[in-house]
Amino acid sequence: MISATPLLTGLATLFVCIAWATLLLPVSRLPPAGRVLVVVIIALLVMLPLADYPGWYYVRGVFGDSSVIALFFYLALILQQNFSWQLFQEDELVLLRRLALAAAILLYPFALGLTQFDSYSLGYSNPWLLTALCIISLFCWLRKYYFLAVSITAAAIAFSLQLLESHNLWDYLLDPLFIVLIMLTWLRPPLSRVTPGTTAHVRQSTDL
Amino acid sequence: MTAIRLGVLLVIACGFTLAISSLPEIQKPAFVIPEYRTSDQDSEPLLEEALISGNLTREVHSSTAIELINGDIRVFWYGGSREGSKDTSIYSRVLNRADNSWSDIEKVMTRQTVARETHRYIRKLGNPVALVNGDEIWLFFVSVSVGGWAGSAINLSVSEDNGSTWGPVKRLISSPFMNLSTLVKNAPLLTEKGDVILPAYHEFLGKFAELLQLDSSGNITNKYRISHGREAIQPFLLPADTTHAIAFMRNSSASQPGKLWFSRSQDNLADWTALEALTLLNPDAAITVVQLNMPDELLLVFNNHPTEKEDISMAHRSNSSAAWQLVYRFETAVGSENIHNPFSYPFLLQTHDGNFHLFYTWKREHIKHVYFNRAALLEMLATAGPES
């Protein structure tokens with residue numbers, strides 16, 4: 001389990017840091033050796049002790065763990081930006097944004113005390129939330145959005161195996177950093193970075 | 001149908017079958033009702049008090065106590081150079097009931113220990129809450145990685161040797177927003193199935209009270225919201241019967257100062273009545289309650305003032321009346337001492353022999369322990385003022 005294994009927890013946090021750095025910095029413009037150097041620098045900053053603890057302790061202390069869907073999304077974006085591997089379609093990204101925004105609106109205001117209804121409590125043992133996710137996954141499958149279908153299913157499987165510290169399904173589906181990133185891909189105008197082999201259509205929606 | 005398409009469909013089918021079939025079955029909690037001896041006619045009224053937190057730290061706060069299986073009392077508090085400083089740790093000591101002596105003070109949890117075991121940077125610790133759960137002691141406490149107390153998260157450590165040593169620290173994830181701002185202050189209840197109902201509250205954006213249901217492994221399996229908005233925190237939970245509860249809450253509403261809130265569960269713990277204010281005053285301060293007789297004969301210790309924490313008072317309510325009667329005042333601030341809010345965070349423990357141990361923060365510098373027996377309580381009740 002990630003929660004019980006410091007090495008895996010640290011590596012997961014390192015992966016999130018690399019994802020954010022490569023997405024926010026113009027890493028894709030660098031030659032392969034430059035990209036490797038960036039990753040090594042980030043790895044050193046995250047894994048080596050800063051003051052009393054490894055760097056990832058500070059990241060995790062502030063932000064907590066990343067959701068499973070976010071990890072899939074970060075992986076897809078890194079591969080797309082740096083290796084021109086396209087794991088999802090443009091329409092799929094649009095659907096992911098809409099689903100993430102809808103989930104965030106349903107989750108955060110109510111979880112933070114807006115009303116007596118607590119949407120977060122639905123994530124502990126409510127079969128209807130899992131049923132809804134199953135239907136969404138099947139819809140994605142019908143539309144051939146395989147990345148999204150597999151990401152959502154992976155989150156459900158990870159929840160059933162309790163791979164994160166949390167025992168709440170919502171924490172496997174989304175997290176605040178993921179929502180920020182997914183909204184940035186929607187709101188922020190595309191930059192003029194060019195990744196060889198990436199189509200202009202996809203680049204417009206994913207470059208930050 | 002391509003192999004990829006078929007494979008993805010298979011993944012979806014298997015994945016959700018696994019997920020739905022492994023959902024835990026949540027049962028409505030049925031409380032264990034503790035029993036206390038209610039008659040002690042042979043003893044003389046006795047009230048003793050002492051400062052028990054020593055001088056290891058400059059400031060101390062938020063004491064809590066449990067009665068161990070052998071009848072001894074273990075008390076916990078946190079202390080440091082000041083309330084929110086980086087050197088805060090959780091301290092504890094034991095009152096040996098046989099000879100009425102206190103053990104040495106032990107530092108049971110430090111921020112370094114919590115950081116090492118939860119793999120996170122930890123800036124400070126606070127608010128210990130303890131529970132005797134079978135042969136184990138469960139110690140809940142909050143930790144902060146960044147910001148003030150509103151950035152707290154709950155941790156749990158279990159001792160299997162009456163508190164001499166402590167097991168790994170487990171982080172409880174109770175909020176989707178970076179797990180920010182879930183705190184504990186008051187004692188949990190046990191259910192007949194071995195679950196723990198832990199009163200908790202939020203302070204980030206919303207200020208509200210809720211209950212966390214934990215299984216016997218300390219995993220959160222459900223939560224119940226008592227209030228919402230920004231009105232009430234620090235719920236104090238008591239069983240009304242085996243399936244219902246009552247909760248008293250500290251006021252956190254700036255627009256309604258001086259209140260002390262109450263609510264009663266209606267559908268097991270899933271539904272709660274709207275907050276109603278007691279006739280007692282309270283300055284947005286922690287309270288503590290014990291049940292003398294089920295369900296509504298209660299003793300409540302609190303700061304009896306709408307804005308200041310300059311006293312520690314005790315009120316009584318009988319089963320036959322909704323009114324409260326002030327029965328005793330443990331502290332009154334001396335005017336010449338220039339200490340703001342000198343008395344706070346009371347915790348009242350009723351032991352199984354029917355006597356009482358009150359702990360509270362005394363001028364921020366000490367934890368004060370007041371012991372009074374049932375005979376003393378009966379004397380207080382007999383000489384108390386009118387109901388209000």
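The values are calculated or read from the model by the stated rules, or taken from the named source; none is laboratory data. Every value quoted in this text rests on a predicted model; they were computed, and no experiment measured them. Virtual Cβ from ideal backbone geometry, glycine too; neighbours counted across all protein chains shown. Quick note on the areas: whole protein, heavy atoms, side chains included, nothing else; ligands and nucleic acids left out. Shrake-Rupley method; radii C 1.70, N 1.55, O 1.52, S 1.80 Å.
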Averaging the inverse of every distinct alpha carbon separation and then flipping it gives the Kirkwood radius. What is it for the stretch B:43-383, in angstrom units? 20.1 Å
Dipole size in debye (nearest 20) for the stretch B:43-383 around its Cα centre, Lys and Arg Cβ +1, Asp and Glu Cβ -1? 1280 debye
For labels at B:I69 and A:D91 in the simple 7 Å Cα→Cβ model, what's the distance in nm? 6.4 nm
Over the stretch B:43-383, what is the relative contact order in whole percent, taking alpha-carbon pairs under 8 Å and six or more residues apart? 14 percent
At 1.4 Å probe size, with every protein chain present, just tell me what the per residue accessible area of the stretch A:116-180 comes to in Å². 34 Å²
Within chain B, which whole H helices from DSSP have a Cα span along their axis of at least 24 Å and a mean Kyte-Doolittle hydropathy of -0.5 or more, if any? B:3-21
Restricting to lysines and to Cα separations under 21 Å from B:K28, and discarding same-chain partners fewer than 8 apart, the set is B:K193, B:K223
Quick one: accessible area per residue over the stretch B:179-287, 1.4 Å probe, rounded to a whole number of Å²? 30 Å²
Of the residues B:I233, B:S21, B:L299, the Cα lying farthest along the dipole of the protein assembly as shown towards its positive end, which is defined by charges on the beta carbon of Lys, Arg, Asp and Glu, belongs to B:S21
Whole-Hz couplings from phi, Karplus 6.51/-1.76/1.60, listed for the stretch A:163-179; x for Gly and Pro: 7, 9, 4, 6, 10, 10, 4, 4, 6, 8, 8, 8, 8, x, 5, 5, 5
Cα-Cα pairs of the protein assembly as shown separated by more than 47 Å (percent): 21 percent
Structure-based [θ]222 nm, chain A - -39500 (n - 2.57) summed over DSSP H runs of at least 4, per residue, nearest 500: -21000 deg cm²/dmol
Loop only per DSSP, at most 10 neighbouring Cβ atoms within 10 Å: give me the GluC sites (Glu not before Pro) in the stretch B:262-368, ordered by residue number. B:E337
Interchain or sequence-distant (5+) residues whose placed amide H lies within less than 5 Å of the amide H of A:E165 are A:S3
Between A and B, buried accessible area summed over both sides at probe 1.4 Å, in Å² to the nearest 100? 4400 Å²
Roughly to the nearest percent, how much of the accessible area of the protein assembly as shown is carbon and sulfur, given a 1.4 Å probe? 60 percent
